[in-house]
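Working notes, beginning with the structure itself.
The values are calculated or read from the model by the stated rules, or taken from the named source; none is laboratory data. Computed from a predicted structure; not experimentally measured. Positions of Cβ are generated from backbone atoms using ideal geometry, with glycine treated the same way; all protein chains shown enter the neighbour counts. With ligands, DNA and RNA removed, areas are computed over all heavy atoms of the protein, side chains included. Shrake-Rupley method; radii C 1.70, N 1.55, O 1.52, S 1.80 Å.
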Amino acid sequence: MMSGVLGITDIWTYVLGTVAIVLLPGPNSLFVLATAARRGVATGYRAAAGVFVGDAVLMVLSAAGVASLLQAYPPLYLVIKYAGAAYLGYLGLAMLRGAWRRWRDRNDPATPRLIDEVEPAEQQEPFRRALVISLLNPKAILFFVSFFIQFVDPGYAWPALSFLLLGLIAQVASAIYLTVLIFTGTYLAAQFRQRRRLAASGTTAVAVLFLGFSLKLAAG
């Protein structure tokens, strides 16, 4: 049996729970999908890399005891929560500006057809943006604060190995899911490059979802 291996109390429950949590819609996965749809597979993986690094940082912080600190001082968690809400709102507004530019220039033959050429410079940093989203994502923070650490046996002699295996499982599940989203986005990317109205509509829809995430976090 795998249960109890490397100080993990119930590995199969953790695997199933992690998969379920990864599949829940959130700003990380939405940003990766939107990036791949606008700019293709390679850039989609740059955004995914930001998610992987951000999650890895949260895992290390959880293993180092920051999870207990957040539980002991709820105002600290609220600061992170509202910062995340503000950042998602900022991203949503930036996407709306980009969508407006595409819609305004949809019939102008002189407008460059490449998406990177019509996007504002602040939207062309997918790794950094995905990293910040991941680090300020309450869903990810709650996962590592209230779920991740529950499967480590406090009596195990080498808890770092337990955290390493738990983190590897979470990253593999995330990588598989984000890969599916990225390659789903390739079809959308091809359509967006040919149809400016579709690109503007798609970007507007994603922007509205980001603004919705922001309002939900701020009000929750």
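Observations
- Qualifying residues in segment 23-39 (those that are more than 20 Å from A85 (Cα to Cα) and at pLDDT below 85) - the one surrounded by the fewest Cβ atoms within 10 Å (Cβ to Cβ): L23
- The lone exception for A42 - which of (1) modelled with pLDDT under 85; (2) surrounded by fewer than 15 Cβ atoms within 10 Å (Cβ to Cβ); (3) not aromatic (F, W, Y) it fails: (1)
- For L164: the one exception among (1) of a type in the set (A, V, I, L, M); (2) closer than 20 Å to G65 by Cβ; (3) open to solvent by less than 20 Å² (accessible area, probe 1.4 Å); (4) modelled with pLDDT of 80 or more: (3)
- Among (1) at pLDDT 80 or above; (2) open to solvent by less than 50 Å² (accessible area, probe 1.4 Å) - the single one L135 does not satisfy: (2)
- Hits in segment 1-57 (condition: assigned to a loop (DSSP other than H, G, I, E, B) and over 23 Å from I149 (Cα atoms)): G40
- Qualifying residue in segment 3-11 (condition: over 17 Å from G167 (Cα atoms) and either open to solvent by 60 Å² or more (accessible area, probe 1.4 Å) or polar (S, T, N, Q) (or both)): no
- Single condition I182 does not satisfy, out of (1) out of contact with any helix residue (DSSP H, G or I) (no Cβ under 6 Å at 6 or more places or on another chain); (2) over 14 Å from A64 (Cα atoms): (1)
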